[in-house]
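Remarks on the structure that follows.
The values are calculated or read from the model by the stated rules, or taken from the named source; none is laboratory data. This one's a predicted model, so the numbers in the text were calculated from it and none came from an experiment. Cβ placement follows ideal geometry from the backbone for every residue including glycine, while neighbour counts extend to all protein chains displayed. These area figures cover heavy atoms from the full protein model, side chains too; ligands, DNA and RNA do not enter into them. Shrake-Rupley method; radii C 1.70, N 1.55, O 1.52, S 1.80 Å.
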Amino acid sequence: MNPNNYLILAGILFTIGAFGVVVRRNAIIVFMSVEMMLNAANLAFATAARTTGTLDGQVAAFFVMVVAAAEVVVGLAIIVTIFRTRRSASIDEANLLKY
Amino acid sequence: MNGESVVFWITAIFAVVGALGMVLSRKAVHSALWVAFAMVNLAVLYFTLQAPFLATTQIVVYTGAVMMLFLFVLMIVGVDSSDSLLETLKGQRLLATLFGLAFGALLLSGVASTIALRDNGLDVANGDYGGNIQGIAHLVFNRYLLAFEVTSALLITAVIGAMVLAHRERWAPRKTQAELSRERTFTSQVTPLPNPGVLARHNAVDTPALLPDGTPSQASLPKQFRETSHEDEAAKEVTS
């Protein structure tokens, strides 16, 4: 099977994730869209590993997963902190740095 | 059509459906479940890409840990928090749709027209050290050892950051059991407070219970869900 199909699927998923980041205003859903983009990148890495016949791509995807896990922990803690002070998870309301 | 392409087309369609469901569903909980669905399908795709270790990690780390963390945070923030359909920025949806279509066209035309990949397969690489996991372990603990060590610093930093961000100082000393029971018995509200959601349309924690005359009771809510303007009234309700 042509491995280009996997790359096209990764491109579609990345596009949907980017669209979600732009269009949604709930901070948690925006964050999930970022996760979807990271997953698409991982799929591209795994495809690259198969097409080159080496395992380096899979190791890269593994490191992406580690970074994503760390990022989720910190990001969700920030969202909870913002929710505590502003009582809202909407990204329109977080304008503390604006003025 | 061999087995791989059958699996690919089924799971690829499911993954795209899951991703679209995440973007299009209004409630955050539905979005989280759609993402978990898409991620499980991606794990199946990793199996077809001869990456069993990645597939297992995907299920354990992403659907097991990350998405469940999302669900826990959703329960803190309020399960009922859904986006309003009102656009605060004028024309945001239209522009975002145009951006998405243009970005997708750019990305896919690049992938489809310029790259012609050869499928070398991982049978040799996976067989070198007796298996996929052994091969990855060989790479991680030799060529990528430094990156692996730096990862530990990243994880420690993330843990400490999350603890610092989520930590709250205790301003007043903790009440003893005697003080609590005195507080409870010397007010007029000796019985427990009403539960959230009683006689209301939902039973979520952020839905106030309805009193017999149909007015919502702020006293039934946990403190962080009470409306600030009603806080004094809620306190009055309890004491009067």
Query - Subset of segment A:46-56 that is surrounded by fewer than 23 Cβ atoms within 10 Å (Cβ to Cβ) and assigned to a helix (DSSP H, G or I) - its residue that is nearest to the other protein chains (Cβ to nearest Cβ) - result: A:Thr51
Query raised in the report: Among the residues of segment A:6-25, is there at least one that is open to solvent by less than 40 Å² (accessible area, probe 1.4 Å), among the hydrophobic types (A, V, I, L, M, F, W, C) and more than 7 Å from chain B (Cβ to nearest Cβ)?
Result: yes
**Report entry** Odd one out for B:Thr151 among (1) within 8 Å of another protein chain (Cβ to nearest Cβ); (2) open to solvent by 100 Å² or more (accessible area, probe 1.4 Å)
**Finding:** (2)
Query raised in the report: Restricted to segment B:99-132, and to residues that are open to solvent by 100 Å² or more (accessible area, probe 1.4 Å) and under 32 Å from the mean Cα position of the chain (by Cα), which residue is farthest from A:Ala44 (Cα to Cα)?
Result: B:Leu101
Requested in this report: Just need a number here: residues in segment B:121-172 that are touching a residue at least 60 places away in the same chain (Cβ under 8 Å) and in a loop (DSSP other than H, G, I, E, B).
Outcome: 2
Query raised in the report: Within segment B:57-70, how many residues are more than 7 Å from chain A (Cβ to nearest Cβ), surrounded by 15 or more Cβ atoms within 10 Å (Cβ to Cβ) and more than 10 Å from B:Met39 (Cβ to Cβ)?
Result: 0
Requested in this report: Would you check if A:Val34 is open to solvent by less than 40 Å² (accessible area, probe 1.4 Å) and either of a type outside the set (S, T, N, Q) or modelled with pLDDT of 95 or more (or both)?
Outcome: no
Query raised in the report: On the given criteria, is A:Phe62 of a type in the set (Phe, Trp, Tyr), within 18 Å of the chain's Cα centre (by Cα) and open to solvent by 10 Å² or more (accessible area, probe 1.4 Å)?
Result: yes
Report summary line: All conditions in (1) at pLDDT 80 or above; (2) crowded, with 16+ Cβ neighbours inside 10 Å are true of B:His230 except (1)
Query raised in the report: Out of segment A:68-89, which residues are more than 7 Å from chain B (Cβ to nearest Cβ) and open to solvent by 40 Å² or more (accessible area, probe 1.4 Å)?
Result: A:Glu71, A:Ile82, A:Arg84, A:Thr85, A:Arg86, A:Arg87
Requested in this report: Answer yes if at least one residue in segment B:191-212 is modelled with pLDDT under 80, surrounded by 11 or more Cβ atoms within 10 Å (Cβ to Cβ), on the phi > 0 side of the Ramachandran plot and assigned to a loop (DSSP other than H, G, I, E, B), and no otherwise.
Outcome: yes
